[in-house]
Amino acid sequence: MIRLENLSKTFDSPEGTVRAVDNVTMEVPEGEVAVLLGPSGCGKTTTMKMVNRLVQPTSGKIYIDDKDTDSYDAIQLRRQLGYVIQQIGLFPNMTVEQNISVVPRLLGWSRQAQQTRARELMRMVALDERLLSRFPKELSGGQQQRVGVARALAADPPVLLMDEPFGAIDPINREVIQDEFLKMQAKLKKTIMFVSHDIDEAVKMGDKIAIFRDGRLEQYDDPDMLLSQPANPFIADFVGGDRELKRMRLTRVSAAMDPDAPTVQADDSVANARAIMDQAGRAHAVVVDAANRPMGLLTDRQLDGEPGRLCRDAANPLPEPVTADRDLRTAVSSMFTHDVDWMPVVDADGCFAGVVTQDGIRGVLAESRRRPARQGAA
Amino acid sequence: MAIPGLDRALRAGTIVGLLAAGVVAERSGLLPEILSHWGDILYLGREHIYLVLISGGLAIGVGVPLGVVLTRRRMRNVAESVIQVVNLGQTIPTLAVLALSMSVLGIGTVPAIFALWLYSLLPIVRNTYQGILSIDPAMLEAAQGMGMQPRQMLWQVELPNALYVIIAGIRTAIVINVGTVPLAFLIGGGGLGQLIFTGISLYNTGMMLAGAVPTALLAVVIDFLLGMGAYWGVPRGVNPLR
């Protein structure tokens, strides 16, 4: 856990005193990612650098796991905090392995322990062990940044400070590395302070987002609250006019779907299907095969005629199904692509899980918009 | 270095040129004449190398630490002025430095070594200073952020990454040094300059070349050795040659 209390930093400049960070109070809960977000010069990086004392606070306190960081020697403190920067800052004179082992070496680990740890970390960041003997200039940008992350994790610090860590990577690789990092974080549960200027990245990476402006913390909230109830026009503007679309990335299809949509077996008779639909009070039913995979759609109109017909033969084609763990944005995009207003939802094995409709999605978005706003910024 | 092909061609040309010069020297009877000074060449050559090693070694021993000190934070204000003075010093002709040294320290080996030392010092200080200053600040921030102490940053990050530039400075200094040592004879410093200047005075081409050719060879060999040192001694990650 990282807790900042009334943290301020002022610089003297020729135009007078500048308050780079102005009375910031916030807490990053254990095992969560807090993204510090804002335009350049808003104080987010300065705030982070005060945590590892690269910048000395003018006033205020920083606690890590309830221990005042002023009680540590700055050097010792930094060795306990993982640090990743945008420019990566790998040491070109050292091999990948030596780079990764910097902090363990500073901490006096045995050579054996360093080597074992370096191999473990390479697996963790999905890099080939053979790269350990390479030099940074022999790696691609994406590989370098993975090494940068591995280096920060080397001594298994409980807290990570990441200063726009993926900012220098091309957009395609950035998505991949972000996804991998999230997977890693799900296992490692580090407490992370993450600086970004990109709202999309913040929404994706953050359990919480802190929006900074002119050194002040404007709002500190979970991404959905921030997008649905921005505290002021500046934040609304900063998160963008398409913020409802961004919110859709935060919600899984499973949260918006109707799991009780009726199904009928492919080799059921139409008469049987009618009974099921009447009982459920619906005008539609999804036809599933023996393995419970959706394969067609029955509407009550198709039920007229020969009652002995099999559902398989009466069914209409079905829109492309969407997987339950995808986000709503994917579902909506797919709906627009296929020009439909609902889709069947399947689980990871392709079995029918429910249906999602545009109305259902609207409902979910509206519901959290009505939640009472919490006191975000202190 | 930027055009490897050109580099190789120049090297080949040099060798061919040397061979041709050797053939001409042999045919014209110059070579036997030069070799007749063999005893002097050995004795004075040893003196020459001795002057280079002492003055160059002292210049490295003082220049590198001085360059490092100038890059430290508390020296930032004076560093630029010092480097200006160093650059200015480099424009003074070597002969003038020798003369100045003699006027203060008299004649003999000590003033010669002092003048050579002073003149070699300048490129070493300048390259060390600029080599360390040119290190990417992000790298230093990473080092600091990971909890390196200033001394650890210097030895593990700053010096290794500036090493190539520092060695380039040392190379320049030593090659100039070898070429300047003959002038040391003028203030009683000894070395191959004795053959060169005596040869000139006596209009004895053989004697003159007996000093000049070994001096040139010495410069080439030492430059080659330092080049090899830079090639193998600088870590592969920061070595533009590898």
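Compactness of chain A, taken as the C-alpha radius of gyration over 2.2 N^0.38 Å, stands at 1.25.
Can you list the trypsin sites (Lys or Arg not before Pro) in the stretch A:117-225 that are in a DSSP coil and have 16 or fewer other beta carbons within 10 angstrom? Intermediate results must be reported in sequence, preceding the final value.
On the way: sites: A:ARG117, A:ARG119, A:ARG123, A:ARG130, A:ARG134, A:LYS137, A:ARG146, A:ARG151, A:ARG174, A:LYS183, A:LYS187, A:LYS189, A:LYS190, A:LYS204, A:LYS208, A:ARG213, A:ARG216; in loops: A:ARG134, A:LYS189, A:LYS190.
Counting only loop positions with at most 16 other Cβ atoms within 10 Å, the trypsin sites (Lys or Arg not before Pro) in the stretch A:117-225 are A:LYS189.
Kindly state, to the nearest 0.05, the FRET efficiency for A:GLU180 paired with B:GLN84, given R0 = 56 Å and r defined as their beta-carbon distance. Please report the intermediate quantities before stating the final value.
On the way: r = 51 Å, r/R0 = 0.91.
Efficiency for this residue pair is about 0.65.
In summary, chain B shows an alpha-carbon radius of gyration equal to 1.18 times the 2.2 N^0.38 Å reference for compact globular proteins. Compute a Gaussian network model of chain B, connecting alpha carbons closer than 10 Å, and tell me which residue from B:PHE185, B:PHE197, B:PHE224 fluctuates the most. The residue with the greatest mean-square fluctuation here is B:PHE224.
Cα centroids of the stretch B:155-215 and the stretch A:150-205: 56 Å apart.
At an R0 of 25 angstrom, the distance between the Cβ atoms of A:ARG309 and A:HIS284 translates into a FRET efficiency of 0.90. Legend: Rg and Dmax of the stretch B:1-144, from Cα coordinates, 21.5, 66 Å.
Couplings for the stretch B:75-87, taken from phi via the Karplus curve 6.51 cos²θ - 1.76 cosθ + 1.60 with θ = phi - 60°, read 9, 3, 5, 8, 4, 4, 5, 4, 5, 4, 4, 4, 4 Hz in order; Gly and Pro are left as x.
Just checking the output field for A:74-85: average partner chain Cβ neighbours within 10 Å of each residue's Cβ?
Working: counts 2, 7, 1, 1, 5, 3, 1, 3, 2, 6, 2, 5.
The shielding value for this peptide is 3.
Can you tell me, using C-alpha contacts under 8 Å and at least 6 residues apart, the relative contact order of the stretch A:214-267 as a whole percent? Provide the component values of the computation, followed by the final result.
Details: 21 pairs, mean separation 15.8, N = 54.
Over the stretch A:214-267, the number comes to 29 percent.
Positive end of the dipole of the protein assembly as shown (Cβ unit charges, origin at the Cα centre): among A:VAL125, A:ALA256, B:GLY63, the Cα lying farthest that way belongs to B:GLY63.
Here the simple spin-label model places points 7 Å from the Cα toward Cβ, and for A:SER110 and A:THR25 these points are separated by 4.9 nm.
Hey, which of these cross-link pairs are over 29 Å Cα-Cα: A:LYS67/A:LYS246; A:LYS9/A:LYS137; A:LYS137/A:LYS183; A:LYS187/A:LYS208; A:LYS44/A:LYS183? Over 29 Å apart, Cα to Cα: A:LYS67/A:LYS246; A:LYS9/A:LYS137.
Determine the shielding of peptide A:156-163 by partner chains: average, over its residues, the number of Cβ atoms on other chains within 10 angstrom of each Cβ.
So the per-residue partner count for this stretch is 0.
Using protein heavy atoms only (no ligands, DNA or RNA), what is the total accessible area buried between B and A, 1.4 Å probe, nearest 100 Å²? Could you put the intermediate results ahead of the total?
Numbers: alone 13890 and 18170 Å², together 30040 Å².
Interface area, both chains combined: 2000 Å², rounded to the nearest 100.
Given their separation in residues at 0.36 nm each and the Cα-Cα distance between them, A:ASP325 and A:THR10 gain 108.8 nm when the chain is fully extended.
Surface analysis of the protein assembly as shown yields an accessible area of 48 Å² per residue, using protein heavy atoms and a 1.4 Å probe.
May I ask which residue of A:MET94, A:PRO136, A:TYR220 lies farthest towards the positive end of the charge dipole of chain A, with charges of +1 (Lys, Arg) and -1 (Asp, Glu) on Cβ and the Cα centre as origin? Going by the charge dipole, the pick is A:MET94.
Shown in residue order for the stretch A:38-53 are the 3J(HN,Hα) couplings computed by the Karplus curve 6.51 cos²θ - 1.76 cosθ + 1.60 at θ = phi - 60°: x, x, 5, x, 8, x, 5, 5, 4, 4, 5, 5, 6, 5, 9, 6 Hz (x for Gly and Pro).
Going 7 Å from the Cα of B:ARG242 toward and past its Cβ, which residues in the stretch A:92-107 have a backbone nitrogen under 17 Å from where you end up? Those under the cut-off are A:92-99. For the pair B:TRP38 and B:TYR203, a Förster radius of 25 Å applied to the C-beta separation gives a FRET efficiency near 0.75, rounded to the nearest 0.05. Taking only the C-alpha atoms of the stretch B:147-205, Rg followed by Dmax gives 20.3, 67 Å. Compared with the dominant Cα axis of chain A, that is its longest principal axis, helix A:171-188 is turned about 80°. Surface composition of chain A: carbon and sulfur make up 47 percent of the accessible area, probe 1.4 Å.
Given a 1.4 Å probe and every protein chain left where it sits, what share in percent of the accessible area of chain B is carbon and sulfur?
71 percent
The values are calculated or read from the model by the stated rules, or taken from the named source; none is laboratory data. The structure displayed is predicted, hence computed values, not measured ones. When we count neighbours, we look across all protein chains shown, and the Cβ atoms used for this are built from the backbone with ideal geometry, even at glycine. Keep in mind that these areas ignore ligands, DNA and RNA; they rest on the heavy atoms of the full protein, side chains included. Shrake-Rupley method; radii C 1.70, N 1.55, O 1.52, S 1.80 Å.
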